[in-house]
Amino acid sequence: MVHENLLDDDWLMLSGIQHYSYCPRQFAIIHMEQIFEDNIFTIKGHHIHEKVDIEDDTVCGDGVVVASALPLWSDKLRLIGRADRVEFRNGVPYPVEFKSGYRKEKIHDALQLCAQAMCLEEMTGIPVTVGAIYYYSSRRRLEVVFDNNMREKVTEIVLKMRQLLSKGTLPAPPNDQRCVDCSLIRVCLPELAGHAERFKNLLQELYDRGTA
Ligand code: SF4
């Protein structure tokens, strides 16, 4: 099924929720500059997704129908993407996202899953209150409940993503622990960019003093 308005250019990729919540600069590099680099974590992630990206539906037992690589969208949020897997449990959607690594609560993974649930609710008209993240290294699921706080956070992030894209400038790097595991560290150059940002602020401060 093809959504009739998908050719409009203000749609955002659902994956951007995870990127933005991890680091707004990472989101901007990927979705504004269209740059993506792999590291060991992303390569593992691609490998896992290849295993689940089989575009067919499988009928399971116990009233569960599984849809893999299911296209998703939300007209309200103007988001598009795909769910790794949606289990329709007696007709109720239950999204499952596959991640590399070990089972661990990560808010950015949960927010991406929540955005999928919000899309599914809009597409099916059925409330989607819970889903799961499957962590491949530990072969375990982490169940996520989509409460109001999480839904509000998703909506807020979508708004911030749009603001950042319309501003068109890269945010300053946080230059913290997040950068250590980030596949974009070689293109982002957080330390250098951090110095440049401080230099720019210093120049601005000097200019402001001179004109005061
Ligand atoms: S290297 Fe750090 S600042 Fe740069 S995109 Fe990654 S997490 Fe963000």
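Just so you know, all these numbers are worked out from the coordinates, no wet-lab data involved. Since this is a predicted model, take the numbers as computed values, not measurements. Methodologically, a virtual Cβ is constructed for each residue, glycine included, from the backbone with ideal geometry; neighbour enumeration extends over all protein chains shown.
Which ones in region 168-192 are in contact with an Asp or Glu (Cβ under 6 Å, 6 or more places away or on another chain) and within 12 Å of Tyr22 (Cβ to Cβ)?
Of everything in region 168-192, those that are in contact with an Asp or Glu (Cβ under 6 Å, 6 or more places away or on another chain) and within 12 Å of Tyr22 (Cβ to Cβ) turn out to be Ser183, Leu184.
Just to be sure I understand, how many residues within region 143-184 are surrounded by fewer than 17 Cβ atoms within 10 Å (Cβ to Cβ), within 8 Å of the ligand (Cβ to nearest atom) and assigned to a helix (DSSP H, G or I)?
Here the count works out to 1.
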